[in-house]
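Note sheet for the following structure.
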Amino acid sequence: MKYQANSTALSQSTDCLIIGIYENNEFTKSFNEIDQITKGYLSQLAQSQDLSGKIGQATLLHSLPNLAAKRVLVAGCGKKGETTERQFKQIIQRVTQTLKELNIQQAINNLTDVEIKDRDLFWNVRFTVETIEHSLYQFDEFKSKKADAISLQEIVFNTDDAQAQQAIAEAQAIASGVKAARNIANMPPNICTPAYLAEQAKNLAETSTALSLDVINEEEMSKLGMNAYLAVSRGSQNPAYMSILHFNNAPDKNAKPIVLVGKGLTFDAGGISLKPAADMDEMKYDMCGAASVFGTMKAIAELNLPLNVIGVLAGCENLPDGNAYRPGDILTTMNGLTVEVLNTDAEGRLVLCDALTYVERFEPQYVIDVATLTGACVVALGQHNSGLVSTDDALAEQLLQAAQQTTDKAWRLPLSEEYQEQLKSPFADLANIGGRWGGAITAGAFLSNFTKKYTWAHLDIAGTAWLQGANKGATGENAIITSVKKANIIVAPVSITMPNSMMGEVTSKVSEAVVES
Ligand code: BES
Ligand code: MN
Ligand code: ZN
């Protein structure tokens with residue numbers, strides 16, 4: 001789809017003019033302008049209660065006097081001055097749905113004049129593009145009868161603000177990363193194996209000269225002493241692969257990299273500590289951390305950000321088998337700590353602990369891991385916030401701000417000594433589970449034993465990575481929390497404490513900051 005930012009005469013010809021109306025017949029700027037052109041036609045309709053200002057409603061009008069536009073779509077924008085981000089999303093979703101159903105090809109969007117609390121035009125444009133792309137997503141690869149092709153081809157934002165064009169470019173790269181993440185995540189686990197993840201990484205690496213790829217196979221893992229990672233993989237016929245995508249594009253090619261590590265369990269049956277049957281299919285989504293990192297790398301590459309970033313996809317499968325690892329086994333991890341396995345379903349931390357040790361070699365500026373790590377995180381925060389655990393207040397704060405900026409929410413969980421004590425084992429240095437309480441935190445506490453050499457944060461996306469029920473599917477949106485949306489933002493600590501108030505300026509600010517340093 002094509003997006004443009006152009007200040008456009010409202011009288012000009014288009015398939016559809018999109019304008020907003022508030023409740024109680026209060027009008028947006030563009031509504032008033034069209035009302036003038038049409039000599040009061042719109043306000044008359046409003047007077048007779050024919051136009052709804054309610055969120056989620058939209059009225060389609062045809063052949064307005066003095067107007068070359070074929071149609072006008074009047075979208076309800078709620079109470080004037082009170083439109084929230086969430087409501088704005090609903091408005092854009094409703095508009096997109098209508099454009100799609102009517103097979104409209106081109107539209108001029110004037111909802112840039114809708115005021116959203118604490119948000120500016122840049123945010124409005126960026127959020128609109130992301131929301132449209134998100135709404136138009138369909139995954140029908142395995143359907144014999146494909147979904148109808150989408151007619152919509154072009155949206156023009158009616159603004160001459162120079163920033164709008166940049167907002168569009170950023171949003172398109174982000175949307176492209178989100179889409180890639182959703183596609184990989186939605187793939188069935190008989191296709192999306194650890195080898196498939198590595199294959200996708202290879203394809204991505206070929207799209208940019210700044211990207212390169214290393215893939216570590218089981219033999220190499222064995223030489224490296226990644227015995228916890230390997231133990232999880234032992235029950236599966238599909239061998240593990242850890243893919244390492246390097247994006248080397250900082251002005252100083254030797255600048256310390258930002259490292260992102262994604263849990264890539266392409267299926268998690270629980271192993272010998274087998275999961276119950278209900279909804280087990282959803283454990284194909286246990287690779288959403290890796291999908292998120294993949295999408296981030298794609299967006300970063302498309303934006304050509306002046307950064308060094310390393311994205312690790314820790315691919316693996318957890319199945320029961322005669323050769324599978326067992327409860328009671330004691331594993332020696334890559335950093336030397338021994339772990340007593342008390343539950344083979346707490347496998348994510350075993351894969352991640354070795355991946356986190358592996359990345360020490362990059363002398364990271366900081367490391368963020370993203371993982372569908374615990375059901376306990378979903379119990380604690382529901383499906384609307386990712387859990388954040390960090391040993392570094394500054395990095396945690398940056399991530400929280402980024403989350404806030406992108407409406408991709410995160411909530412920090414405490415990490416103190418007491419939780420560490422829950423992980424004591426009578427036989428090994430650590431147990432792989434910490435008892436019944438505070439499971440999302442004890443999982444984070446477990447990981448923190450392997451991240452002492454660098455600044456680190458962990459995002460538990462178990463609740464936010466996919467939707468259940470009728471709309472089952474990867475969200476991409478939340479899966480990508482560290483990821484693409486945040487990609488611009490998480491670079492903040494790179495450059496000093498950059499105010500994050502303007503997502504829009506981040507890319508350029510980053511380049512300035514990097515040049516300065
Ligand atoms: N992949 C799961 C976590 C999960 C469960 C994510 C449900 C989303 C929905 C993880 O590997 C797991 O099984 N964790 C266990 C840990 C427990 C054994 C300490 C869990 O959360 O039950
Ligand atoms: Mn598990
Ligand atoms: Zn898992």
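Nothing in this text is a laboratory measurement; each read-out follows from the coordinates by a stated rule. This one's a predicted model, so the numbers in the text were calculated from it and none came from an experiment. Note that we place each Cβ from the backbone using ideal geometry, even for glycine, and neighbour counts take in every protein chain shown.
Using the Cα gyration tensor of the stretch 206-339, with a ≥ b ≥ c the square roots of its eigenvalues, what is the shape: rounded (a/c below 1.5), prolate (a/b larger than b/c) or oblate (neither)?
On the way: a/c = 2.82, a/b = 1.74, b/c = 1.62.
Judged from the Cα gyration tensor, the stretch 206-339 comes out prolate (a/c at least 1.5, a/b above b/c).
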Over the Cα atoms of the stretch 286-368, what Rg and Dmax result, in angstrom? 15.7, 49
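Below 8 Å between Cα atoms, with a sequence gap of 6+, how large is the relative contact order for the stretch 255-299 in percent? Intermediate values should be presented prior to the final figure.
Values: 42 pairs, mean separation 22.3, N = 45.
Value for the stretch 255-299: 50 percent.
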What size of dipole, in debye to the nearest 20, comes out for the stretch 65-137 about its Cα centre when the only charges are +1 on Lys and Arg C-beta atoms and -1 on Asp and Glu C-beta atoms? 240
Given Cβ point charges of +1 (Lys, Arg) and -1 (Asp, Glu) and nothing else, what value in debye, to the nearest 20, does the dipole of the stretch 331-395 about its Cα centre take? 100
Residues Leu342, Leu42 in order from fewest to most other beta-carbon atoms within 10 Å are Leu342, Leu42
Long-range tail of P(r) for the stretch 326-403 (Cα pairs > 15 Å, %): 67
Relative contact order for the chain: what percent, with Cα pairs under 8 Å and sequence separation of 6 or more? 13
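Give me the percent of DSSP beta bridges within the chain that run antiparallel, rounded to the nearest 5.
Numbers: 29 of 70 bridges.
Bridges in the chain are about 40 percent antiparallel.
Given the convex hull over the Cα atoms of the stretch 302-342, what projected area results after averaging over all orientations, in nm²?
Working: hull surface 21.6 nm².
That works out to 5.4 nm², a quarter of the Cα hull's surface.
Which whole-number percentage describes the relative contact order of the stretch 218-291, with Cα contacts under 8 Å and a sequence gap of 6 or more?
For the stretch 218-291, the relative contact order is 27 percent.
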Output ³J(HN,Hα) for the stretch 228-244: one whole-Hz value per residue in order, computed from phi by the Karplus curve 6.51 cos²θ - 1.76 cosθ + 1.60 with θ = phi - 60°, and x for Gly and Pro. 6, 4, 5, 4, 4, 6, 4, x, 9, 6, 8, x, 6, 9, 10, 9, 10
Picking from Thr207, Val95, Gly311, whose Cα lies most toward the positive end of the charge dipole for the chain (charges on Cβ: Lys, Arg +1; Asp, Glu -1)? Val95
Quick one: what does P(r) look like for the chain with 20 Å bins over all Cα pairs, in whole %? 23, 50, 23, 4, 0
Quick one: grab Rg to one decimal and Dmax as a whole number for the stretch 312-456, Cα atoms only, in Å. 15.3, 48
Where the Cα pairs of the stretch 219-271 fall when distances are cut into 10 Å bins, in %: 18, 40, 25, 14, 2
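Whats the longest run of the chain with zero GluC sites (Glu not before Pro) that are DSSP loop and have at most 12 other Cβ atoms within 10 Å? Don't skip to the end; give the middle numbers.
Values: sites that count: Glu141, Glu206.
It works out to 207-517.
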Any idea what log10 I(q)/I(0) is at q = 0.17, 0.21, 0.23 Å⁻¹ for the stretch 1-55, Debye with uniform C-alpha scatterers and no solvent? -0.60, -0.84, -0.95
Among Gly81, Asn124, Phe27, whose Cα lies farthest out toward the positive end of the dipole of the stretch 1-131, if unit charges sit on the beta carbon of Lys, Arg (+1) and Asp, Glu (-1)? Asn124
Taking one equal scatterer on every alpha-carbon of the stretch 15-151, how large is log10 of I(q)/I(0) by Debye at q = 0.20 1/Å? -1.18
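Would you calculate a helix-derived [θ] at 222 nm for the chain, using -39,500 (n - 2.57) for each DSSP H run of n ≥ 4 and dividing by the full residue count, to the nearest 500? Can you show the working numbers first?
Numbers: 17 runs with 182 residues, N = 517.
The helix contribution divided over the chain gives -10500 deg cm²/dmol.
Which of Trp437, Trp411, Trp466 has the fewest other C-beta atoms within 10 Å, and how do the rest follow up to the most?
Trp437, Trp411, Trp466
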Give a residue-ordered list of calculated ³J(HN,Hα) values for the stretch 350-360 (Karplus: 6.51 cos²θ - 1.76 cosθ + 1.60, θ = phi - 60°; whole Hz; x for Gly, Pro). 6, 5, 5, 4, 6, 5, 5, 5, 4, 6, 3
Towards the positive end of the charge dipole of the chain, with charges on Cβ (+1 Lys, Arg; -1 Asp, Glu), say which of Asn335, Leu423, Met283 has the farthest Cα. Met283
What is the order of Lys54, Lys145, Lys298, fewest Cβ neighbours within 10 Å to most? Lys145, Lys54, Lys298
Under the rule of at least 5 residues apart or a separate chain, name every residue whose amide H is placed under 5 Å from the amide H of Leu213. His246
19 Å Cα-Cα threshold exceeded, pairs from Lys263/Lys284; Lys29/Lys79; Lys39/Lys70; Lys202/Lys452; Lys256/Lys453: Lys202/Lys452
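In debye to the nearest 20, how big a dipole does the chain give about its Cα centre with +1 on each Lys and Arg Cβ and -1 on each Asp and Glu Cβ?
Numbers: 42 positive and 58 negative charges, 174 e Å.
My answer is approximately 840 debye.
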